[in-house]
Ligand code: GRG
């Protein structure tokens with residue numbers, strides 16, 4: 001499957017990003033000027049590709065419905081996802097984690113506001129994300145469905161998602177250590193299992209949730225939901241492999257953060273485990289698999305174009 005030639009992806013991204021940013025700004029206490037609110041806005045409104053929000057909106061639009069507007073249905077959820085993402089970047093950059101000075105071409109949150117405020121701004125964004133999804137979603141979404149989506153977002157952020165993935169990542173790097181070692185297995189097999197587990201939890205879970213939530217809120221049936229959720233998983237893995245490759249090939253200007261940090265920290269990455277060539281081959285396979293899943297949904301090709309383009313973008317991006 002390819003995106004239709006008439007589809008203008010640049011224009012699509014610009015209009016959806018603008019809608020997300022306008023709505024996010026409304027949710028982030030625009031009248032409050034205290035330090036905490038400034039720190040929250042600095043990260044949540046401070047640029048970024050908005051890939052997760054775009055995935056949520058484009059999944060909602062792909063499913064569509066006669067009786068409700070996909071954008072109005074999914075915008076609060078798309079904003080909630082960006083809040084969780086911003087929180088995770090703030091915490092990830094802290095000195096006790098990856099200790100980064102730059103993110104999105106600017107100083108990291110703790111470099112501007114100090115560690116304590118950065119930590120608390122992240123905490124506040126996390127809980128605001130759940131509040132936003134629960135309170136700001138439109139009335140036409142049935143409460144049991146909304147509750148399911150809120151619960152899933154909480155789960156994705158938690159011990160089986162972002163937090164758990166971060167712990168495994170820090171353990172693999174030796175930044176923290178296990179109280180008692182697990183059962184012995186061959187080092188290569190252990191590394192490849194661990195790497196997939198880290199990628200799925202730390203990065204994949206929120207990307208999968210982005211696609212799943214947009215489609216769920218529009219009432220997609222189980223068959224379509226299953227295919228789109230698998231598409232979200234494929235995209236999540238592809239995104240992270242591309243990210244690992246960009247850490248080797250990218251430059252600071254395009255990336256907006258310091259490249260080469262994975263290698264310097266001795267991180268377990270797709271490139272360190274399988275090398276560049278194998279990583280590229282895997283990306284080709286994932287791109288084909290993702291597109292084939294979209295075809296199988298039977299949804300109109302034109303309504304799937306944004307998801308096709310977002311998959312291509314996640315893989316071929318320069319930042
Ligand atoms: C406290 C609930 C809680 C969670 C925090 C710190 C942490 C646990 C998890 C780290 C998660 C993390 C930072 C994963 C990295 C994912 C990744 C590759 C981020 C970069 O995403 P892009 O490129 O960023 O989409 P932009 O800037 O474009 O938004």
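Odds and ends about this structure:
- Among 251, 93, 222, residue whose mean-square fluctuation peaks in a GNM of the chain (springs only between Cα atoms under 10 Å): 222
- Among 245, 318, 218, 276, a tally of other beta-carbon atoms within 10 Å of each Cβ gives an order, fewest to most, of 318, 276, 245, 218.
- Most fluctuating residue given options 240, 33, 72, as computed from a GNM of the chain linking Cα atoms under 10 Å: 33
- Residue order for 142, 49, fewest other beta carbons within 10 angstrom first, comes to 142, 49.
- Comparing 98, 123, 32 in a Gaussian network model of the chain (Cα springs below 10 Å), the most mobile by mean-square fluctuation is 32.
- Value of relative contact order over the chain, rounded to a whole percent, pairs C-alpha under 8 Å and six or more apart: 24 percent
- By the count of other C-beta atoms within 10 Å, a proxy for reagent exposure, 198, 81 are ordered fewest to most as 198, 81.
- Projected over every direction and averaged, the convex hull enclosing the alpha-carbon atoms of the chain yields 16.7 nm².
- Shape analysis of region 207-273 yields a ratio of the Cα radius of gyration to the Kirkwood radius, Rg/Rh, of 1.17.
- The label point for residue 273 and the one for residue 251, both projected 7 Å from the Cα toward the Cβ, are 3.1 nm apart.
- Cα-based shape type of region 69-201, given that a ≥ b ≥ c are square roots of the gyration tensor eigenvalues and the cut on a/c is 1.5: oblate
- Over the chain, dividing the summed -39,500 (n - 2.57) contributions of all DSSP H runs of at least 4 residues by the number of residues returns a 222 nm mean residue ellipticity of -22500 deg cm²/dmol.
- Put a dot 7 Å past the Cα of residue 177, heading toward its Cβ, do the same for residue 6, and the two dots end up 6.4 nm apart.
- Rounded, prolate or oblate (a/c below 1.5 giving rounded, otherwise prolate when a/b exceeds b/c) for region 187-307 by Cα gyration tensor: prolate
- Model label points for residue 32 and residue 115, set 7 angstrom from Cα along the Cα-to-Cβ axis, are 2.5 nm apart.
Here, each number is a calculation from the coordinates, and none is a lab measurement. Keep in mind the model is a prediction, meaning the values are calculated, not measured. We place every Cβ from the backbone using ideal geometry, glycine too, and count neighbours over all the protein chains shown.
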